[in-house]
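**Student:** Sharing a structure below in structure tokens format, with a few things to ask.
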Amino acid sequence: MRYYPRIVDQRLDRLKEAFNAISIVGPKGCGKTRTAKERCKTLIEFQDEEKREGYLTIAETAPRLFLKNEKPILFDEWQDAPKIWGMIRKDCDDNPEAVGEFYLTGSTNKDIDTPHTGTGRITQVEMFPMTMYEMGESNGSVSISKIVADDAYEFSGAISDLSLEDLFYCACRGGWPRCLALKSKEAKLEIARDYFKQIYTKDISAFDGVKRNSEWARVLLWSYARNMATTAKKGSIYADVKASYDISDNTLSSYVEVLEKLFVIKDIDAWTPQIRSKTAIRAAKKHIFVDPSIGIAALGLKPEYFNGDLDLFGHIFENLVLRDLISFAQVHDAHILHYADDMGLEADAVYQAADGRYALIEIKLGINRVPEAETSLLRFRTAIIQHNKKALENKAHPKPLYREPSALIVICGNAPMAYTTEKGIHVIPVGCMKD
């Protein structure tokens with residue numbers, strides 16, 4: 001199978017010039033090993049059944065023998081042989097100038113008992129399923145990072161030919177690289193369904209060897225799917241499971257922790273500027289799946305279902321866009337947050353760049369919702385302007401000012417063309433979006 005370039009390649013190319021080793025983590029099947037292979041001359045796969053016992057014996061008794069291989073060396077699923085970490089760290093100490101010599105990949109974020117942290121030598125990169133741009137659905141004619149960084153960036157007129165039916169299928173199939181090797185559209189849908197089944201029947205217990213109830217895990221994922229891309233309280237999510245099973249909040253919380261460490265579910269933090277003194281910020285995290293296809297599989301739905309339930313697909317679409325925004329942001333050292341307060345100000349996403357610039361983003365499935373999103377974003381910007389004016393009223397003791405947003409963006413599911421409204425709101429078709 002040929003290698004399909006990934007957005008994370010940009011970040012890896014920068015980091016290999018600064019660190020001796022790079023640890024790539026992320027969900028199973030997102031392409032970590034394939035991406036690392038492109039950069040390595042030696043591959044040590046601890047999941048290779050024919051070589052596993054031999055590799056594990058060497059890793060336990062004489063791990064430095066691996067260093068005789070040509071570098072860079074990839075250690076795939078290195079957590080199965082934790083002494084590898086110490087061996088790499090020692091070699092990094094002995095050869096500090098030898099950058100980019102080791103890659104480690106793994107599909108869990110479980111705590112490994114290593115005697116040293118690897119700080120300054122071994123860095124970590126989180127990898128995600130493929131974005132719509134990487135999968136070929138988005139034509140990549142509009143760069144989100146350039147909109148935030150460059151006021152003169154021109155993108156109006158970029159055209160998208162994605163239909164709602166295309167989006168239904170894209171979300172159900174997910175961003176799994178395995179799909180690129182398959183021809184049948186129905187076969188591609190089976191990848192996410194099987195992934196979901198593996199999570200609750202096997203992975204939830206295989207993570208640390210603790211036997212967990214697969215039915216509790218299945219219903220918990222179903223409840224998360226019902227609350228996809230919302231700030232629902234954990235108690236509300238747990239209530240779905242407790243309605244059918246006698247299980248404590250502490251137990252459910254432990255299941256959630258494992259699912260997070262397996263890179264199945266993810267929380268997006270709240271952006272927390274105090275724009276108005278009497279306004280309470282809703283600091284609840286927004287819950288998403290690392291890929292919306294997992295949540296759709298948990299709900300047991302096919303693409304055709306959404307022709308009659310656009311309300312549900314609106315939440316799924318938001319999860320889809322947030323997945324891509326997170327991938328885009330990380331390669332530019334940016335972050336994706338969200339905002340909501342008790343006065344009605346909100347932003348589905350906040351793209352926070354490393355230099356302080358930021359964009360407020362609304363995510364809308366239908367172009368008919370753009371005027372509503374425009375009103376909301378303009379109201380948000382006005383609140384910031386008014387805050388800054390009030391902060392300067394007392395010239396002797398001015399209060400902190402907040403930077404105005406560099407861009408106000410609406411990402412739209414079925415907009416046919418990118419454009420900027422008369423009031424300066426950038427409308428971007430999801431079928432044009434790239435990093």
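The values are calculated or read from the model by the stated rules, or taken from the named source; none is laboratory data. Quick caveat: nothing in here was measured; it's all calculated off a predicted structure. Quick reminder, even Gly has a Cβ in these numbers, built from the backbone with ideal geometry, and neighbours come from all protein chains shown. All accessible areas refer to the heavy atoms of the entire protein, side chains included, with ligands and DNA or RNA removed. Shrake-Rupley method; radii C 1.70, N 1.55, O 1.52, S 1.80 Å.
**Student:** Report, by residue number, each residue of the stretch 206-231 that is of a type in the set (Gly, Ala, Ser), open to solvent by less than 20 Å² (accessible area, probe 1.4 Å) and under 14 Å from residue 256 (Cα atoms).
**Tutor:** Those that are of a type in the set (Gly, Ala, Ser), open to solvent by less than 20 Å² (accessible area, probe 1.4 Å) and under 14 Å from residue 256 (Cα atoms): 217, 223, 225.
**Student:** When the residues of the stretch 40-53 are narrowed to those that are over 25 Å from residue 198 (Cα atoms) and open to solvent by 40 Å² or more (accessible area, probe 1.4 Å), which ends up farthest from the chain's Cα centre (by Cα)?
**Tutor:** Result: 41.
**Student:** Then there's this: Give the stretch 307-361 a look and list any residue that's in contact with an Asp or Glu (Cβ under 9 Å, 6 or more places away or on another chain), surrounded by fewer than 17 Cβ atoms within 10 Å (Cβ to Cβ) and among the small types (Gly, Ala, Ser), or say none.
**Tutor:** 354
**Student:** Looking at (1) assigned to a loop (DSSP other than H, G, I, E, B); (2) in contact with a strand residue (DSSP E or B) (Cβ under 8 Å, 6 or more places away or on another chain), which one does residue 27 not meet, given that it meets all the others?
**Tutor:** Single failed check for residue 27: (2).
**Student:** Let me ask you something else. Closer than 19 Å to residue 241 by Cβ and modelled with pLDDT of 95 or more: is that true of residue 215 in this structure?
**Tutor:** Against the criterion (closer than 19 Å to residue 241 by Cβ and modelled with pLDDT of 95 or more), residue 215 qualifies.
**Student:** Evaluate the stretch 186-200: report whether one residue or more is assigned to a helix (DSSP H, G or I) and at pLDDT below 95.
**Tutor:** Looking for residues that are assigned to a helix (DSSP H, G or I) and at pLDDT below 95, one finds none in the stretch 186-200, hence no.
**Student:** Among the residues of the stretch 62-97, count how many are loosely packed, with under 14 Cβ neighbours inside 10 Å and either in contact with a helix residue (DSSP H, G or I) (Cβ under 9 Å, 6 or more places away or on another chain) or under 19 Å from residue 127 (Cβ atoms) (or both).
**Tutor:** Summing the residues that are loosely packed, with under 14 Cβ neighbours inside 10 Å and either in contact with a helix residue (DSSP H, G or I) (Cβ under 9 Å, 6 or more places away or on another chain) or under 19 Å from residue 127 (Cβ atoms) (or both) in the stretch 62-97 gives 2.
**Student:** Could you say whether any residue in the stretch 31-42 is touching a Gly at 6+ places or on another chain (Cβ under 9 Å) and assigned to a helix (DSSP H, G or I)?
**Tutor:** yes
**Student:** Assess whether residue 429 counts as being modelled with pLDDT under 95, in contact with a Leu (Cβ under 8 Å, 6 or more places away or on another chain) and not polar (S, T, N, Q).
**Tutor:** no
**Student:** I would also like to ask the following. Just checking, does the stretch 357-365 include any residue being under 24 Å from residue 228 (Cα atoms) and outside any strand (DSSP E or B)?
**Tutor:** Yes.
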